[in-house]
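Accompanying notes for the structure given below.
The values are calculated or read from the model by the stated rules, or taken from the named source; none is laboratory data. The shown structure was predicted, so the numbers you read here are calculated from the model rather than taken from an experiment. Methodologically, a virtual Cβ is constructed for each residue, glycine included, from the backbone with ideal geometry; neighbour enumeration extends over all protein chains shown. The area values use the complete protein model at the heavy-atom level, side chains included, leaving out ligands, DNA and RNA. Shrake-Rupley method; radii C 1.70, N 1.55, O 1.52, S 1.80 Å.
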Amino acid sequence: MIVQELEVPRPKRRSRRRARPVTPDEPGQVPVTRVTVTGVPLADPSSGSDWLKETLRSRERGARELRDATRIINRALNAVRAEARDPLVQEIGATKALAIRLGHGTGDELAEGRWSEASQLPHQPRGRLDDVDPQSRVAAVLAGRDDVHPAETLIQRARLDVQQGRDAEARYGLQAARAALREEPGPRRDRLLEELAAIEERLG
């Protein structure tokens with residue numbers, strides 16, 4: 001995995017300790033991080049071209065390559081979070097990427113974030129997030145008319161752990177979610193128990 005921070009203008013850092021007035025101008029540009037995840041070695045460029053064509057032709061194969069690359073990145077971020085003791089270091093997903101490219105190249109090219117041949121994948125849909133109605137529950141939570149049950153947070157975290165291959169973490173999270181539902185059932189208890197059971201079934 002090769003991580004590079006692209007050279008773009010950064011916001012000016014100021015050493016002042018006090019707050020300062022600001023104007024409603026356009027925000028400054030911020031750095032963009034490019035992550036290259038390498039795969040298995042190929043014999044020659046023609047093998048790389050064949051691999052790329054076959055992978056792009058198969059939606060399932062392309063999704064698997066993307067999923068495997070994302071898992072590698074998130075394993076690294078998990079280690080960074082643990083070592084930095086910073087819970088705000090979060091995993092990434094394909095929907096958060098500015099661009100996703102699948103391709104092949106020489107070792108020197110890949111080390112520099114370049115390639116011999118690549119294709120940019122279509123923008124990834126956000127899934128269920130697109131179905132969220134901001135005028136319903138989100139507004140109710142912000143207004144104090146509703147809340148997010150602790151088990152909901154734990155279940156979503158367990159779902160992510162399963163997706164990233166962290167089965168042990170998922171099991172511990174689901175145990176905590178069950179305990180939370182026993183102590184504070186809440187109006188969504190039955191639905192949350194169904195979601196919890198579905199994740200447990202995936203874990204086997």
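Side notes on the structure shown:
- Every condition in (1) within 27 Å of Thr70 (Cα to Cα); (2) at pLDDT 95 or above is met by Leu160 except one, and the failing one is (2).
- Matching residues in region 20-67 - criterion: being assigned to a loop (DSSP other than H, G, I, E, B), closer than 25 Å to Leu98 by Cβ and among the β-branched types (Val, Ile, Thr): Val30, Val37, Thr38
- Of all the numbered requirements in (1) at pLDDT 90 or above; (2) out of contact with any helix residue (DSSP H, G or I) (no Cβ under 9 Å at 6 or more places or on another chain), Gly113 misses one, and that requirement is (1).
- Within region 164-186, the set of residues being closer than 10 Å to Ile199 by Cβ and either in contact with a Gly (Cβ under 6 Å, 6 or more places away or on another chain) or open to solvent by 50 Å² or more (accessible area, probe 1.4 Å) (or both) comprises Arg171 only.
- The listed residue being basic (Lys, Arg) and surrounded by 13 or more Cβ atoms within 10 Å (Cβ to Cβ), out of Arg71, Arg85, Arg57: Arg71
- Close pairs (6 angstrom Cβ cut-off, 6 or more residues apart or separate chains): in contact (Cβ under 8 Å) with a residue 24 or more places away in the chain and under 16 Å from Val40 (Cα atoms) in region 55-81, open to solvent by 70 Å² or more (accessible area, probe 1.4 Å) and outside any helix (DSSP H, G or I) anywhere: Ile72/Met1
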